[in-house]
Amino acid sequence: MAENQLLSKNGGDYREYLLIFRQLIAQDKSINSSSLLSEIPKLLSFIKNVFSSPAVAEVFLYFCLTGAATSWILQNELDMPEATVYRAMKRLKSLGIIEPAIKMRKAKVSRGGPRPTVYALQGSSTDEVADAIRLHYNLLSPKFRIAQEVAQTILKDYITPRQVTEITYREIIIQVRELRIPFNAPDIAGLAADYLKEQGIKVWR
């Protein structure tokens, strides 16, 4: 199916697809930003054919999942180069799929440049935009990014193979120490625990 057949100029067709995809993702509680691409390969394959671009497909599905994001978020969450993210977002903006929602204040550690912008799907909630702002600032912290990587490793190698939905804080501490993280273990474990809870994992203290 050609892109112009799916995404009409008046915006009617793509909104129907956005609604379908967002409902599909919402119904599957196992799908989260860290497992998005692995959980719905058939959907991703279909979207790749629609856009003729894996990068645009991934960014499109990320917005379907979260409703809003910044370029920095997409670079980190999708492990995608800045230039690739820019091109994918430019494509989605040109199609009217995403639009600027709010310009953020620069972080104190910023070296200059334009203020970061949160982009959102039409109809995205204020909570989704707020979540994007919070995640953007968190991802500016090296400690947070490492904790996120630790949590994703725990999800992939520890929780998923055991088919469980809970873990103890002590187990997280053990995993952090085994990975020899160059930060204080309790600090990383606390951030990792918060991330795991956001992914629907029960953390026992």
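The values are calculated or read from the model by the stated rules, or taken from the named source; none is laboratory data. This one's a predicted model, so the numbers in the text were calculated from it and none came from an experiment. Methodologically, a virtual Cβ is constructed for each residue, glycine included, from the backbone with ideal geometry; neighbour enumeration extends over all protein chains shown.
Taking L78 and the conditions (1) farther than 26 Å from T126 by Cβ; (2) under 11 Å from the mean Cα position of the chain (by Cα); (3) aliphatic (A, V, I, L, M), which numbered condition does it fall short on, given that it satisfies the others?
(1)
For the range 1-94, give me every one of the helices (runs of 4 or more DSSP H) that falls completely inside it and has 1 or more residues that are charged (D, E, K, R) and at pLDDT 65 or above.
Fully inside the range 1-94 and qualifying: 12-27, 41-51, 54-66, 71-77, 82-94.
Regarding I146, is this residue over 30 Å from A101 (Cα atoms), part of a helix (DSSP H, G or I), modelled with pLDDT of 85 or more and of a type in the set (A, V, I, L, M)?
Spelling it out, it is not the case that I146 is over 30 Å from A101 (Cα atoms), part of a helix (DSSP H, G or I), modelled with pLDDT of 85 or more and of a type in the set (A, V, I, L, M).
Quick check on Y137: is it of a type in the set (S, T, Y) and crowded, with 18+ Cβ neighbours inside 10 Å?
no
Given (1) modelled with pLDDT of 90 or more; (2) more than 18 Å from Q75 (Cβ to Cβ); (3) among the small types (G, A, S), where does A120 come up short, assuming only one miss?
All conditions pass for A120, except number (2).
If we scan the range 102-122, do we find a residue that is in a helix (DSSP H, G or I) and more than 22 Å from G200 (Cβ to Cβ)?
no
For the range 176-205, name all the residues that are among the polar types (S, T, N, Q) and more than 21 Å from D79 (Cβ to Cβ).
The answer is N184, and nothing else.
Looking at V59, V50, which one is among the hydrophobic types (A, V, I, L, M, F, W, C), under 13 Å from the mean Cα position of the chain (by Cα) and surrounded by 14 or more Cβ atoms within 10 Å (Cβ to Cβ)?
Of the residues listed, the single one that is among the hydrophobic types (A, V, I, L, M, F, W, C), under 13 Å from the mean Cα position of the chain (by Cα) and surrounded by 14 or more Cβ atoms within 10 Å (Cβ to Cβ) is V59.
For residues that are closer than 11 Å to A193 by Cα and among the hydrophobic types (A, V, I, L, M, F, W, C), scanning just the range 156-175, find the one that is surrounded by the fewest Cβ atoms within 10 Å (Cβ to Cβ).
I173
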